[in-house]
Amino acid sequence: MPEFNLLVKQTDSQNSQLLASVYFIITAHLYRHGRGVDDYTPDRRIVGPWFLVSTVVWLWALNLIRISMGLMLLRLKEDRGWVWPLRALVILQVCLIMVAGTVQTLRCQPVSGSWDPTPGTECISHTGMMVYGYVYNGKQSQEP
């Protein structure tokens, strides 16, 4: 049974690795459609939705990697001084990924306004996104 127990414990890191692989596949798909090519403007209707999906997938992958590291450290020692701060960091990561995914996805209303702005599109201002970025990254940097 120890092998099965080890396999169950490894699924959190495998899920984050899977999401990171999906991100790289989407990025390769974006470059196939002209992202990053000099003197070429890719069709935003094709690249825009894929870019939004890749951003959300990448945010989930990074946070799941952090969560899996926290869960791995939790399995090493069962001391209260060790367990409670790590649990708090894992819970913080879960909250941050939910906020980050929501903000990135619902940045513009309608969502398609992120890549194809129309007259009725309402988006979070550039300053608002900068404040969100600084707060989000500041919370990330407070972790050990």
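The values are calculated or read from the model by the stated rules, or taken from the named source; none is laboratory data. The model shown is predicted, which means the values in this text are computed figures rather than measured ones. Here the Cβ is made from the backbone with ideal geometry for all residues, glycine too, and neighbour counts use every protein chain on show.
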Within the set of pairs 6 or more residues apart or between chains, which connect a residue that is crowded, with 16+ Cβ neighbours inside 10 Å and in a helix (DSSP H, G or I) inside region 95-124 to a residue that is at pLDDT below 90 and of a type in the set (Gly, Ala, Ser) with Cβ atoms less than 7 Å apart? Ser114/Gly48
Scan region 25-41 residue by residue and report those that are closer than 19 Å to Val57 by Cβ, at pLDDT 70 or above and in a loop (DSSP other than H, G, I, E, B). His33
If you check Cys108, Cys95, Cys123, which single one turns out to be of a type outside the set (S, T, N, Q) and in contact with a Gly (Cβ under 8 Å, 6 or more places away or on another chain)? Cys123
Quick one: how many residues across region 107-133 are out of contact with any Lys or Arg (no Cβ under 7 Å at 6 or more places or on another chain) and under 18 Å from Trp50 (Cβ atoms)? 7
Answer yes or no as to whether Thr127 is under 20 Å from Leu19 (Cβ atoms) and either at pLDDT below 85 or exposed (fewer than 14 other Cβ atoms within 10 Å of the Cβ) (or both). no
Screening Leu76, Leu71, Leu86, Leu96 for residues that are within 26 Å of Val53 (Cα to Cα) and of a type in the set (A, V, I, L, M, F, W, C) leaves only Leu96
Just to be sure I understand the filter: pairs with C-beta atoms under 9 Å, separated by 6 or more residues or on different chains, first member in region 53-72 and within 22 Å of Ala88 (Cβ to Cβ) and touching a residue at least 24 places away in the same chain (Cβ under 8 Å), second member in a helix (DSSP H, G or I) and acidic (Asp, Glu). Which pairs pass? Leu64/Asp12; Ile67/Asp12; Ser68/Asp12; Leu71/Asp12; Met72/Asp12
